[in-house]
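Report on the following structure.
We did not get these values from a lab; they are worked out from the coordinates using the rules stated. Model, not experiment: these values are computed from the prediction. As a convention, Cβ positions derive from the backbone with ideal geometry for all residues, glycine included, and neighbour counts pool all protein chains shown.
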Amino acid sequence: MKRVETVQSLEPIFSPRSVAVIGASRNRNSLGFALLHNLVFGQFNGTIFPVNPHAGNIHSLKAYKSVGDIPDPVDLGIVMVPRPLVMGVVEECLEKGIKGLVIITAGYSETGAEGLELERELQTRVREAGARMIGPNCMGVINTDPEVRLDATFSPTPARRGSIGFVSQSGALGVAILNAAADLGLGLTQFVSMGNKADVSGNDLVEFWEDDPATKVICMYLESFGNPRRFPQIAKRVSRKKPILIVKSGRTAEGARAASSHTGAIAGADVPVSAFLEQCGVLRANTIEELFAIAKALDRCPLSPGKRVVILTNAGGPAIMATDACVNLGLEIAELSPPTLEALAAFLPPEASIANPIDMIASATPEGYSKALHAILADDQVDMVMVINVRPLLTNPIDVMQQVGEAVHGQSKPVVAVMMATDEFHDEVRKRTDLPPVYEFPESAALALAQLYRYSAFRQRPADEPIPEFDVDDEAVAEILAQQSEGYLPDGLAFRVLELYGIPVAKWREVTGTVDASVAAEGIGYPVVVKAVGPDLVHKSDLGAVKIDLRSSSELEKAIHEIRSTLESAGVESQGYLLQELGRGGHEVIFGITTDPRFGPLLMFGLGGKYVEVLRDVRFGVPPLTPQEAREMIRGIQGFPLLEGVRGEARADLELLEEILLRIAQLVERHPTIQELDINPFVAAADRASAKALDVRIRVAPEGA
């Protein structure tokens, strides 16, 4: 379904002119009463039709025995009857011409195979009729638009008008979300409880909010992705316009696919999700509390030009906490320019510290905060500000926030405030929408600034950077891959795939024994490495099947005999040997591919060698890959300074590493039967002639397997 069609198809759900509540009840302890009450209490700007065969009037509204008895057109049908009655009610709604359905009733795919089959029947019937459906097993929808005023949920807490679109896959958590939003003073445009999302999914809702001028921030609580391969396409486009912020549960899901490759072992159950979200510009929170802390800043602050932060405070202790939190989250403590330092020194007392963090001491006044903010925000070396106030006896924190709000009004740099004040103060501030976001502790404020910077950095990336195409022999690669229907390619074929894709490899020869090994070694040049090869030899070094730095034919012959003897003792059969030149110099890195059954192929880069699974200093990316994304993957590992060159060491050819990532991305895009690939180690040297792959494993499987 096209995006425009998706938005139009959801209008009967979000902006109905009339609503039928099928299962409305007089019982005040029932969901049927609670939902009808919310529609009435929320002053829905349309007509409400309660449907109950056993009541003439409910909530002072005329009730109807069936949907068919309603004399007027109906846009939205809310179904909350027992499961055995749902399909019949849905048929009535569709015959009535209702195009929007919200199925509150539970007992479908969340209960097992029988429920799943019933849910599929429901989905099929709704789609055949050209209607849209939220649910089943959900708590409803809200639209706070004054022209609509729709609260079609059974939540005890109404939503206030604001600029956050929120979707929750969990109905029970949805109630908690609405409670939390109300407590924090955050307003919503729409709220959707998706339930089992048999029809309307998170993808649909992101597209619905994409061009909605009232929705500034999209927030999502998800337990799963309905169509995970479509979500990145949508999210990458929408994130260019407005932030998407997600809490995704299931980070430690058991039963993740076992993988024998280094890349697969490191890319656990949650890694693909994080990689896909990061590359799409989607922000991720660990908890609902974090989500709202971040959303508050995204909603009220401008984007940040950089990550240099100033901490302005009247107390030293919270400033230290704030500094630690900011640095740990990747922000930088800004160095103020001399003119700014002079401006601060001109009005602050001598006891104050004008070095960042700026401690104005306990006597700081609201006016002092205002003067300091004006000077700081005018400094080109400052990108963002955290204001901290610990309430002294002689100053009203409301006055401080009023001055802060006036000082930052119209500014192009984000400012957040940490107010260590009473509950009464925070209750008052939550009612205000003209103030910067206010937090109770520095850690929450630092997290908000860090995520604001991350999103700003994504928005500053080139929007449509072209994907490079390399001139390679794909036909020859396809012929090689076709030789192995499933499993690992023989080592020689795996190296040949790399060569065909322009990835430098160490000189190699396949040999069967000591005689031809000696001949091959003369051609390659000593010193050499010898490895036993065979289908059971995946982790060769663990089995003693590798010997390195062999400098003569006698050493080579001895090494082959030792490998053969070791493998025979272990009951492992070798099919021959691979002879290679010895890689020297540079740093060992790893390139990899693993395939997630939900999202597809995932690229990996990091420090390599035999300790890769211990150090786990890697970054992940999603093909197709842009040059900018390849650069960020390489520069994002903690060990990147080693590649830049330290203590007189030469800088690695970073451009070559970026190019190899892009070539691997093209390889897996064009040859999807490649399920896993490890190039480990790859010698990242200062020049291309010395950089080369020393080992490679490629596992293939039928596409979609």
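How many lysine pairs are close in the stretch 1-154, with Cα atoms under 21 Å apart and the two 8 or more places apart or on different chains?
Qualifying lysine pairs in the stretch 1-154: 4.
If each DSSP helix of 4+ residues adds -39,500 (n - 2.57) and the sum is divided by the residues in the chain, what number results at 222 nm, nearest 500 deg cm²/dmol?
Result for the chain, helices only: -11500 deg cm²/dmol.
Expressed as a whole number of Å, what is the distance separating the alpha-carbon centroids of the stretch 602-681 and the stretch 133-192?
Here the two parts' Cα centres lie 42 Å apart.
Which far-off residues, 5 or more places away or on another chain, put their amide H under 5 Å from the one on MET220, with H placed in the peptide plane?
Hits under the 5 Å cutoff: VAL167, LEU245, ILE246, VAL247.
Given the Cα-Cα distance of GLU522 and LYS62 and 0.36 nm per residue of separation, how much length would full extension add, in nm?
Gain in length upon complete extension: 155.9 nm.
Reported to two decimal places, what Rg/Rh ratio describes the stretch 331-448 when computed on Cα atoms with Rh from the Kirkwood expression?
Radius of gyration relative to Kirkwood radius: 0.93.
What's the magnitude of the charge dipole for the chain around its Cα centre, counting Lys and Arg as +1 and Asp and Glu as -1 at the beta-carbon? Answer in Debye, nearest 20.
In total the dipole reaches around 1460 debye.
I'd like the distance separating the alpha-carbon centroids of the stretch 324-366 and the stretch 525-599, in whole Å.
59 Å
Report the relative contact order of the chain, percent, no decimals, based on alpha-carbon pairs under 8 angstrom and at least 6 residues apart.
Computed over the chain, the figure is 9 percent.
In nanometres, what is the gap between the two model label sites at PHE347 and ALA214, each 7 Å from Cα along Cα-to-Cβ?
4.1 nm
In the stretch 97-161, which GluC sites (Glu not before Pro) fall in coil by DSSP and have 14 or fewer other Cβ atoms within 10 Å?
Those satisfying the criteria are GLU147.
ASN27 label point, 7 Å along Cα→Cβ, cut-off 17 Å on backbone N: hits in the stretch 64-86?
The answer is 79-86.
Could you calculate the contour length gain from GLU499 to GLU367, that is, 0.36 nm times the residue separation minus the distance between their Cα atoms, to one decimal place in nm?
Answer, rounded to one decimal: 40.7 nm.
Can you compute the modelled spin-label distance between SER249 and ARG160, with each label point 7 Å from Cα toward Cβ, in nm?
Simple spin-label model gives 2.7 nm for this pair.
Determine which lysines satisfy two conditions relative to LYS431: a Cα distance under 21 Å, and not lying fewer than 8 residues away in the same chain.
LYS216, LYS296
Tell me the net charge near ILE294. Cut-off is 11 Å between Cβ atoms, ILE294 excluded, with +1 for each Lys or Arg and -1 for each Asp or Glu.
0
For the stretch 3-155, build the charge dipole from Cβ charges (+1 Lys, Arg; -1 Asp, Glu) around the Cα centre, then report which of VAL67, ILE98, VAL51 sits farthest towards its positive end.
VAL51
Taking the Cβ of PRO366 as the centre, find all other residues whose Cβ is under 11 Å away and add up their charges (Lys, Arg: +1; Asp, Glu: -1).
Spelling it out: positives minus negatives among the neighbours equals -2.
Place a +1 charge on the Cβ of each Lys and Arg in the stretch 331-448 and a -1 charge on the Cβ of each Asp and Glu, then give the dipole magnitude about the Cα centre in debye, rounded to the nearest 20.
The dipole of the stretch 331-448 has a size of about 200 debye.
With each label point set 7 Å from Cα along the Cα-Cβ vector, what nm distance links ARG564 and LEU116?
A separation of 5.3 nm, rounded to one decimal place.
May I have the extent of the alpha carbons of the stretch 514-663 along their three principal axes, as whole Å values ordered from largest to smallest?
Largest first, the stretch 514-663 extends 49, 43, 26 Å along its Cα principal axes.
For LYS241, list the aspartates and glutamates whose Cα falls under 15 Å from its own Cα; do not include residues on the same chain fewer than 8 positions away.
Within the straight-line limit of under 15 Å, LYS241 reaches these aspartates and glutamates: GLU207, GLU210, ASP211, ASP212, ASP299, ASP464.
Ordered by residue, what ³J(HN,Hα) values in Hz, to whole numbers, does the stretch 431-444 give under the Karplus form 6.51 cos²θ - 1.76 cosθ + 1.60, where θ = phi - 60° and Gly and Pro are x?
In residue order, the calculated couplings are 7, 9, 10, 9, 10, x, x, 10, 10, 8, 9, x, 4, 5 Hz.
Just to verify a number: FRET efficiency for LYS431 and ASN45, C-beta to C-beta distance, R0 = 25 Å, to 0.05?
0.50
Toward the positive end of the charge dipole of the chain, about the Cα centre and with charges on Cβ (Lys, Arg +1; Asp, Glu -1), which of ALA686, MET419, GLY586 goes farthest?
MET419
Take the Cα radius of gyration of the stretch 3-155 and divide it by 2.2 N^0.38 Å, with N its residue count; two decimals is plenty.
0.97
Under 15 Å from the Cβ of GLY88, count the other residues' Cβ atoms, weight Lys and Arg +1, Asp and Glu -1, and hand me the total.
Summing Lys and Arg as +1 and Asp and Glu as -1 gives -1.
What full-extension length gain, to one decimal in nm, is calculated for VAL515 and ALA176 as 0.36 nm per residue of separation minus the Cα-Cα distance?
Between VAL515 and ALA176, full extension yields an extra 114.6 nm.
Hey, with R₀ at 30 Å, roughly what FRET efficiency would ARG83 and THR422 work out to, going by the Cβ-Cβ distance, to 0.05?
Computed FRET efficiency for ARG83 and THR422: 0.05.
Could you tell me the ratio Rg/Rh of the stretch 507-581? Both radii from Cα atoms, Rh via Kirkwood.
That ratio is 0.94, to two decimals.
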